[in-house]
Amino acid sequence: MNYDFVFSPDFKKRFLSLPGEMIVLTTRTHAFALVMQIIFALFIAIFFCIISYVAFNFIDFSPFLLAESIAIILLVAAGILTKLFIDWYFHVYIVTTHKIVEVFFTPLFSHAINDVLLDQVRCTEVDVRTNNFLDEICNMGDVIITFDRPTHQDAFTIASIANPDMVGATLADALDVLRSNTSNELWMRNKKTNRLQLMEEIFPRASI
Amino acid sequence: MKLSEITLQLVITALLLGTIIVDMLYIYHVGKAKRYLAIPLPKSIEKLLRIHIFLTIIFAITAILFLLQLVVSSGMFP
């Protein structure tokens with residue numbers, strides 16, 4: 001899948017909030033997960049076509065009505081397949097040097113954007129997991145990142161992605177580099193200028 | 001038999017008209033999501049969406065005409 005959009009200024013403006021922040025990784029769910037859903041939807045559509053064909057054989061309706069019914073079933077199936085693709089396409093994981101974002105948009109139905117600010121948590125584990133035989137064959141799996149938050153432990157799962165080993169290793173490296181680079185800086189949004197600033201810029205140490 | 005045929009045809013026409021409305025709303029929301037996320041959709045999928053709504057409109061017009069023909073031929077409205 002093409003990830004060229006990550007270089008577009010609009011995308012950077014949308015997902016990069018701090019000066020000097022860079023995108024480390026962008027990934028999606030493996031295409032195999034989508035193919036399985038598409039196959040299932042096709043089976044359902046074929047099943048309904050057969051049902052309507054059999055039903056119309058028992059009733060003495062005009063053949064035009066049968067053709068129309070099958071056309072509707074195929075139209076709805078095409079709509080569902082397009083929706084499945086678009087849902088898959090708009091489910092993106094973005095890792096930057098400042099945060100991990102999961103974007104999940106199903107247009108017209110729901111949307112969710114989950115952010116984890118990496119300088120506010122301590123990453124304790126990056127686990128890679130493949131669940132079954134098909135996952136192993138397709139090189140598909142989950143990467144689970146465990147964060148130690150001040151109040152509780154929390155896991156962020158990047159589910160069913162391609163090349164989980166590579167992604168896990170890249171993430172572990174990136175998080176390691178980030179941990180060694182991060183000082184105890186705290187960013188705040190200035191209400192007057194609506195701009196992110198370091199805490200020290202807003203409240204200089206000398207003034208405290 | 002004619003009455004049940006008309007009823008079925010009416011249901012099919014309503015379904016097609018409903019599909020057109022849902023399709024239009026869906027295309028609008030996909031555009032919104034595209035702009036919000038700054039992630040462009042593949043051209044083929046955009047074409048597929050347009051073809052889908054175009055076919056639905058064609059089918060809906062055919063269904064309405066067929067419904068009218070059924071109603072007229074049933075003799076309910078001399």
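Taking GluC sites (Glu not before Pro) across segment A:11-102, the ones in a DSSP loop with at most 14 further Cβ atoms lying within 10 angstrom of their Cβ are A:Glu21. A straight Cα-to-Cα reach below 19 Å connects B:Lys2 with the aspartates and glutamates A:Asp60, A:Glu68, residues fewer than 8 places away in its own chain not being considered. Averaged over the residues of peptide B:33-44, the number of Cβ atoms from other protein chains lying within 10 Å of each residue's Cβ is 6.
Across peptide B:4-11, how many C-beta atoms of other chains are within 10 Å of each residue C-beta, on average?
Values: counts 2, 6, 0, 0, 7, 5, 0, 2.
For this peptide, the per-residue mean of nearby foreign Cβ atoms is 3.
What the phi angles of segment A:24-29 give under the Karplus curve with 6.51, -1.76 and 1.60, with θ = phi - 60°, is a coupling list of 8, 7, 10, 8, 10, 4 Hz, glycine and proline written as x.
Taking beta carbons within 10 Å but only from partner chains, what does the mean come to for residues B:17-27? Don't skip to the end; give the middle numbers.
Working: counts 0, 0, 4, 0, 0, 3, 3, 0, 2, 7, 2.
For this peptide, the per-residue mean of nearby foreign Cβ atoms is 2.
The fewest-to-most ranking of A:Thr96, B:Thr56 by surrounding Cβ atoms within 10 Å reads A:Thr96, B:Thr56.
Cα centroids of segment B:1-65 and segment A:100-115: 24 Å apart. Within the listed set B:Leu37, B:Leu55, B:Leu25, the residue fluctuating most in the Gaussian network model of chain B (springs between alpha-carbon atoms under 10 angstrom) is B:Leu37.
Seen against the Cα atoms of chain B and their longest principal axis, helix B:43-74 is set at about 10 degrees.
Readers should treat all values here as calculations from the given coordinates under stated rules, not as data from a laboratory. Here the structure is a predicted model, which is why all the values come from computation and not from measurement. Note: ideal-geometry Cβ built from the backbone for every residue, glycine included; neighbour counts use all protein chains shown.
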